[in-house]
1. Can you name the number of the only condition in (1) open to solvent by less than 60 Å² (accessible area, probe 1.4 Å); (2) part of a loop (DSSP other than H, G, I, E, B); (3) touching a residue at least 24 places away in the same chain (Cβ under 8 Å) that G95 fails?
2. Go through the range 116-127 and count every residue that is hydrophobic (A, V, I, L, M, F, W, C), within 23 Å of the chain's Cα centre (by Cα) and more than 13 Å from G95 (Cβ to Cβ).
3. Working only within the range 67-92, note down all residues that are more than 20 Å from A52 (Cβ to Cβ) and either open to solvent by less than 50 Å² (accessible area, probe 1.4 Å) or in a strand (DSSP E or B) (or both).
4. Kindly provide the set of residues from the range 62-113 that are touching a helix residue (DSSP H, G or I) at 6+ places or on another chain (Cβ under 7 Å) and within 21 Å of A17 (Cβ to Cβ), ordered by number.
5. Determine the pairs where a residue that is within 25 Å of S80 (Cα to Cα) and surrounded by fewer than 10 Cβ atoms within 10 Å (Cβ to Cβ), located within the range 18-33, has a partner that is among the small types (G, A, S) and at pLDDT below 90 with Cβ atoms under 8 Å apart, the partner being 6 or more residues away or on another chain.
6. Could you tell me how many of the residues in the range 8-17 are modelled with pLDDT of 85 or more, open to solvent by 80 Å² or more (accessible area, probe 1.4 Å) and either over 30 Å from H84 (Cα atoms) or in contact with a Phe, Trp or Tyr (Cβ under 8 Å, 6 or more places away or on another chain) (or both)?
7. Does S64 qualify as being farther than 30 Å from G134 by Cβ, open to solvent by less than 40 Å² (accessible area, probe 1.4 Å) and not in a loop (DSSP other than H, G, I, E, B)?
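The values are calculated or read from the model by the stated rules, or taken from the named source; none is laboratory data. From a predicted model like this one, the values you see are computed outputs, not experimental measurements. Glycine gets a Cβ as well: all are built from the backbone with ideal geometry, and neighbour counts include every protein chain shown. Surface accessibility is based on the protein's heavy atoms, side chains included, excluding ligands, DNA and RNA. Shrake-Rupley method; radii C 1.70, N 1.55, O 1.52, S 1.80 Å.
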Amino acid sequence: ALNVVPATGELICDLRANSLAAIETAMASIPVEIAGAELHAEALRLWPGMQATEATAPLLGRASELLGEPVVAHGRGGASDASHIATSVPCTVDGLGPRGGDAHHPDEFLLVESLRPRAAVALAVAAAALGLEGI
């Protein structure tokens, strides 16, 4: 309704960082009160960022040889299923899907021209992991 001050409100934020400590620092910085309004911050889930660059270097090096072009690791703040297993499975590779934008949004899209090269990268990584001599 117009011109009505609600008794309560809710704000949901998606925090991503390279470490859980960074998220905990951000959460701890939220005050418990602002101008008489009480704030209750809670983490609904914590998804750590993957720190697998060093562990995947040999695999991606071999995949680069098979593909004939560099396959380069990039760090990311995590929110994928791979982020969860990366703490237990050191050689975890993520981000092999097609290029696009607006992920998890009604306007999400993928770039069709990225399908073939991204599939080639995924196949090279799989072949390297299986110890194959070619793809």
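1. (3)
2. The first filter runs over the range 116-127 and keeps only residues hydrophobic (A, V, I, L, M, F, W, C), leaving 119-127.
With within 23 Å of the chain's Cα centre (by Cα) added as a condition, the list becomes 119-126.
From the residues that got through so far, the ones that are more than 13 Å from G95 (Cβ to Cβ) too are 119-120, 123-124, 126.
Adding up the residues that qualify gives 5.
3. Correct list: empty.
4. Across the range 62-113, the qualifying residues are A73, G75, P90, T92, V93, D94.
5. none
6. 1
7. The answer is no for S64.
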